[in-house]
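The structure appears right after this line, and notes come after that.
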Amino acid sequence: MRFRKRSSNMQNYDVVVCGAGPSGAMAAAEAARSGLKVALLEKQFLPRHKTCGGGMPMVIQTVLQDLAPEAFVESDVTHMRHTWNFADSYLAPINPPGSGDPLRVTRRDRLSLWMVQRSIFDNALAERAAQSGAELRDGLAVRSLEIEPDGVTIRAEGVKTGSEFLAKARYVIGADGANGITVKSTNLRKDRAIAIAMEVEHPHHWGDGHVELRPDVAHLEYGAVKRGYGWIFPKADHLNVGAGLFRPDQKDARGGREIRLQLQKTIFDYMDALGVKYDRDALKFHAHPLPTWSGKEMLHEGRILLVGDAAGLINPLFGDGIFHAVKSGIIAAQCLSEDAADQYTDRIHDEFAANFDAALSLAKVFYQWTGVCYKYGVKYERATRIATQLLCGELLFTNMKERALRRLKRSVGANFFPAFNS
Ligand SMILES: Cc1cc2nc3c(=O)[nH]c(=O)nc-3n(C[C@H](O)[C@H](O)[C@H](O)COP(=O)(O)OP(=O)(O)OC[C@H]3O[C@@H](n4cnc5c(N)ncnc54)[C@H](O)[C@@H]3O)c2cc1C
């Protein structure tokens, strides 16, 4: 347990970061390294479970810098096994021979996906922030933010002790995720697109079950969840099995019982299909909302900057958010250290908007005609490589959107996507 303050004396900071997930921990580290006085507040005690698949492109190392991969990477995925209704399987390498692409942004030949346990990964990032000079205070929940002309007053409470923490900061970085309090203290993000996903972690002995259950293979299932997909991600000694509804429609009550049952069923069916033995009653399901990108909007208001999930920076096609959370945390800290808070939204838009807009256009097509896209897109021999390049940022959605849609149209007939014009 870390130092917790019992009195309510006002503490002064340049920056208070609310939430120690990847976005907050990276923001705190970067801001502290630039010489700002930073507090990083986390309501849970670290290390803590975070509902997540824990998959990320290995190029994240370029921004994690001094954090050694050995400290958190559990498996290095080089293959994806795609299925439609748990059949029609297609095992594809991420790095097929001769996998050059004229449109890619950089020239990195071997790509892979890293699988982590979020409890370990997030704790390593938070420790790194503390080593960089940020005051890390876990078990301290932010309860209110009062925005004043010269700063923000933050009231937080020790979740076990009930002790009060009172601070004044020139700026607050809202890194408190999908359900955070920071955004509620502002007029930002009133109209949010929310997806939902669920996962279980299941101990696994390599060699048991389906022959393609391997530490280097990520499994993806597209037919079982309407407007979403299921996954099995390999970790060191367990599997992360999950399912998400990434484009809920009007009828889908947010996180409602029916959706949860559908996601749970997909998880059971996936484990059955791959011969994973489990005790149905012992499985612990975790569900959580995913705020996905839905277009440009303001992400700062006065002295408050939103990052990561709090800013809705989840890719609307793939549902990944860790890499974007980390990048946005760094951008927020850079804006503050350069005294350029008012440029924050523009810099986030420069980094993400065009690419996420293109991903959103593809998501609309993919989740409406998933079966067609599976047959002519996912099973296309280079699709797994391309998807990984997109996850890595080596290839931009903006550069391949038209090409992908042309290919689908060619495959199924020019008039198949009449609604698609953007
Ligand atoms: C089931 C599921 C699977 C996913 N799989 C993947 C995947 O494989 N790859 C990927 O890239 N993305 C995945 N995501 C998305 C990913 O988890 C998020 O995009 C990512 O965690 C965002 O990081 P963040 O730092 O913005 O927020 P979070 O990781 O949510 O961190 C927010 C932190 O703020 C803290 N907090 C909240 N309120 C307060 C408060 N009042 N005071 C103090 N602290 C507070 C929370 O306790 C938490 O630690 C998945 C999401 C779900 C739900």
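The values are calculated or read from the model by the stated rules, or taken from the named source; none is laboratory data. Remember, it's a predicted structure, so these values are computed and weren't measured experimentally. Please note: Cβ atoms are built from the backbone with ideal geometry, for glycine as well, and neighbour counts cover all protein chains shown.
Kindly check whether there is at least one residue in region 183-195 that is surrounded by 17 or more Cβ atoms within 10 Å (Cβ to Cβ) and in a helix (DSSP H, G or I).
There is at least one residue in region 183-195 that is surrounded by 17 or more Cβ atoms within 10 Å (Cβ to Cβ) and in a helix (DSSP H, G or I).
Restricting attention to region 365-413, report how many residues are within 24 Å of the chain's Cα centre (by Cα), closer than 30 Å to Val63 by Cβ and touching a residue at least 60 places away in the same chain (Cβ under 8 Å).
Residues flagged as within 24 Å of the chain's Cα centre (by Cα), closer than 30 Å to Val63 by Cβ and touching a residue at least 60 places away in the same chain (Cβ under 8 Å) within region 365-413 amount to 19.
Examine region 286-300 for a residue that is away from the ligand (no atom under 14 Å from the Cβ), surrounded by 15 or more Cβ atoms within 10 Å (Cβ to Cβ) and closer than 30 Å to Asp208 by Cβ, and state whether such a residue exists.
The answer is no, given that none of the residues of region 286-300 is away from the ligand (no atom under 14 Å from the Cβ), surrounded by 15 or more Cβ atoms within 10 Å (Cβ to Cβ) and closer than 30 Å to Asp208 by Cβ.
Within the group Ala363, Ala354, which residue is part of a helix (DSSP H, G or I), at negative phi and in contact with a helix residue (DSSP H, G or I) (Cβ under 6 Å, 6 or more places away or on another chain)?
Ala354
Among Leu91, Leu40, Leu111, which is the only one that is touching a residue at least 12 places away in the same chain (Cβ under 8 Å) and assigned to a loop (DSSP other than H, G, I, E, B)?
The conditions single out Leu111.
Return the only residue of Lys168, Lys265 being of a type outside the set (Val, Ile, Thr), modelled with pLDDT of 95 or more and not assigned by TED's automatic domain parsing to the domain that holds Ala340.
Lys265
Have a look at Ile314, Ile322 and point out the one that is modelled with pLDDT of 95 or more, out of contact with any His (no Cβ under 9 Å at 6 or more places or on another chain) and of a type in the set (Val, Ile, Thr).
Ile322
Return the only residue of Leu239, Leu245 being more than 10 Å from the ligand (Cβ to nearest atom), within 27 Å of Ala358 (Cα to Cα) and crowded, with 22+ Cβ neighbours inside 10 Å.
Result: Leu245 is the single residue among Leu239, Leu245 that is more than 10 Å from the ligand (Cβ to nearest atom), within 27 Å of Ala358 (Cα to Cα) and crowded, with 22+ Cβ neighbours inside 10 Å.
Search region 303-330 for residues being assigned to a helix (DSSP H, G or I) and surrounded by fewer than 22 Cβ atoms within 10 Å (Cβ to Cβ), and hand back the single one that is nearest to the ligand (Cβ to nearest atom).
Among those that are assigned to a helix (DSSP H, G or I) and surrounded by fewer than 22 Cβ atoms within 10 Å (Cβ to Cβ), it is Phe323.
From Glu221, Glu157, Glu201, Glu164, which residue is out of contact with any helix residue (DSSP H, G or I) (no Cβ under 7 Å at 6 or more places or on another chain), away from the ligand (no atom under 12 Å from the Cβ) and among the acidic types (Asp, Glu)?
Glu164
Cβ-Cβ under 9 Å, sequence separation 6+ or interchain: first residue in region 268-280 and assigned by TED's automatic domain parsing to the domain that holds Pro234, partner loosely packed, with under 12 Cβ neighbours inside 10 Å. Which pairs?
Filtered contacts from region 268-280: Phe268/Arg280; Met271/Lys277; Ala273/Ala87; Gly275/Asp208; Val276/Asp208; Lys277/Asp208.
Would you please name the residue that is surrounded by the fewest Cβ atoms within 10 Å (Cβ to Cβ), looking only at residues in region 350-364 that are in contact (Cβ under 8 Å) with a residue 60 or more places away in the chain and under 18 Å from the mean Cα position of the chain (by Cα)?
Asp357
Just give me the residues in region 43-88 being in a loop (DSSP other than H, G, I, E, B) and over 17 Å from the mean Cα position of the chain (by Cα), in sequence order.
Lys43, Gln44, Phe45, Leu46, Pro47, Gln65, Asp66, Leu67, Ala68, Thr78, Asn85, Phe86
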